[in-house]
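Q: Structure in structure tokens, see below.
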Amino acid sequence: MKPPTIMVRPAPGKKSRAIVRLGSITVPAAIGRSGRTIMKREGDGATPIASMRLISGFRRGERNGLLVTPLALRRIRADMLWCDQPENASYNRLVRAPLGASHEEMRRSDGLYDICLVMDWNISSRARNRGSAIFFHLIRPGYEPTAGCVAVALRDMRRLLPHLRKGTIVRVL
């Protein structure tokens, strides 16, 4: 069975906004503050123009209640970090605290990663400075831009999750 494809198209008027579509579901989204790029680099604030498979996911166990999805979601622990320092051997990988290198905390206080899906950007074929932590996650209030991820509202993520599984393609156009 062919995996579903999530289409992420630019929204008119603002480079950091997008429209996400999966079958008959269409929802607004935020993307990178610098818009989209085919030449993704670490720290550029852009969302890569690419087709990326969903490879895993994370959730805050104490938030959002029951989530219906065939995609395996790991519960986020306080010691989970994502390394974003290109020179580190663990670059663009999930690691455990403590970590002296630059990283993102997976258990964020702002709730962005309460549901966080990992897209295969620079993971299975990793290269230094190509960008890290490119996720499909929850939105900031007001659809503020991301650092390069795709983000949707919680209600929209709940609508999408039942249709997502490992191998689902997220195609950013």
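The values are calculated or read from the model by the stated rules, or taken from the named source; none is laboratory data. Because the structure is a prediction, the values reported are computed rather than measured. Reconstructed Cβ throughout: ideal geometry from the backbone, glycine too, with neighbour counts over all protein chains shown.
Q: How about the stretch 10-33: which of its residues are buried (at least 18 other Cβ atoms within 10 Å of the Cβ) and farther than 21 Å from LEU71 by Cα?
A: Hits for the stretch 10-33 are PRO10, SER16, ALA18, ALA30, ILE31, GLY32.
The rows are residues; the columns are (1) more than 18 Å from the chain's Cα centre (by Cα); (2) closer than 18 Å to ALA153 by Cβ.
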position: ARG17; (1), (2): no, yes
position: SER24; (1), (2): yes, yes
position: VAL27; (1), (2): no, yes
position: SER34; (1), (2): no, no
position: ILE49; (1), (2): no, no
position: ARG60; (1), (2): no, yes
position: PRO70; (1), (2): no, no
position: SER90; (1), (2): yes, no
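Q: Restricting to the stretch 74-120, what's the tally of residues that are among the β-branched types (Val, Ile, Thr), within 14 Å of HIS137 (Cβ to Cβ) and part of a strand (DSSP E or B)?
A: First, the residues of the stretch 74-120 that are among the β-branched types (Val, Ile, Thr): 76, 95, 115, 118.
Those still in the list that are within 14 Å of HIS137 (Cβ to Cβ) too: 76, 115, 118.
Remaining after also requiring part of a strand (DSSP E or B): 115, 118.
Qualifying residue count for the region: 2.
Q: Oh, and also: As an exercise: evaluate LEU66 against (1) over 17 Å from LEU160 (Cβ atoms); (2) without any contact (Cβ under 8 Å) to a residue 24 or more places away in the chain; (3) surrounded by fewer than 17 Cβ atoms within 10 Å (Cβ to Cβ) and give the number of the one condition it does not meet.
A: Result: LEU66 passes all but (1).
Q: Give me a count of the residues in the stretch 75-86 that are touching a residue at least 24 places away in the same chain (Cβ under 8 Å) and under 21 Å from GLY57 (Cα atoms). Step through it out loud before you land on a result.
A: Taking the stretch 75-86 and keeping what is touching a residue at least 24 places away in the same chain (Cβ under 8 Å), we get 76-78, 80-84, 86.
Remaining after also requiring under 21 Å from GLY57 (Cα atoms): 76-78, 80-84.
Residues that pass the stated criteria total 8.
Q: Ok, one more. Can you find a residue that is surrounded by 13 or more Cβ atoms within 10 Å (Cβ to Cβ), touching a His at 6+ places or on another chain (Cβ under 6 Å) and either within 24 Å of ARG107 (Cα to Cα) or at pLDDT below 95 (or both) anywhere in the stretch 1-9?
A: Scanning the stretch 1-9 turns up at least one residue that is surrounded by 13 or more Cβ atoms within 10 Å (Cβ to Cβ), touching a His at 6+ places or on another chain (Cβ under 6 Å) and either within 24 Å of ARG107 (Cα to Cα) or at pLDDT below 95 (or both).
Q: Can you go through ARG108, ARG36 and tell me which one is buried (at least 17 other Cβ atoms within 10 Å of the Cβ), basic (Lys, Arg) and farther than 23 Å from LYS166 by Cα?
A: Numbers: ARG108 fails: buried (at least 17 other Cβ atoms within 10 Å of the Cβ).
When all the criteria are applied, what remains is ARG36.
Q: On the given criteria, is ARG53 touching a residue at least 12 places away in the same chain (Cβ under 8 Å), more than 27 Å from VAL95 (Cα to Cα) and either of a type outside the set (A, V, I, L, M, F, W, C) or surrounded by 18 or more Cβ atoms within 10 Å (Cβ to Cβ) (or both)?
A: Details: touching a residue at least 12 places away in the same chain (Cβ under 8 Å): yes; more than 27 Å from VAL95 (Cα to Cα): no; either of a type outside the set (A, V, I, L, M, F, W, C) or surrounded by 18 or more Cβ atoms within 10 Å (Cβ to Cβ) (or both): yes.
No.
Q: Let me ask something additional. If you check every pair at least six apart or on different chains, which have Cβ atoms under 6 Å apart with a residue in the stretch 87-113 that is over 22 Å from GLY61 (Cβ atoms) first and a residue that is surrounded by fewer than 13 Cβ atoms within 10 Å (Cβ to Cβ) and β-branched (Val, Ile, Thr) second?
A: The qualifying pairs do not exist here.
Q: Looking at (1) among the aliphatic types (A, V, I, L, M); (2) out of contact with any helix residue (DSSP H, G or I) (no Cβ under 9 Å at 6 or more places or on another chain); (3) within 25 Å of PRO145 (Cβ to Cβ); (4) in contact (Cβ under 8 Å) with a residue 60 or more places away in the chain, find the lone condition where ALA72 falls short.
A: Failing condition for ALA72: (3).
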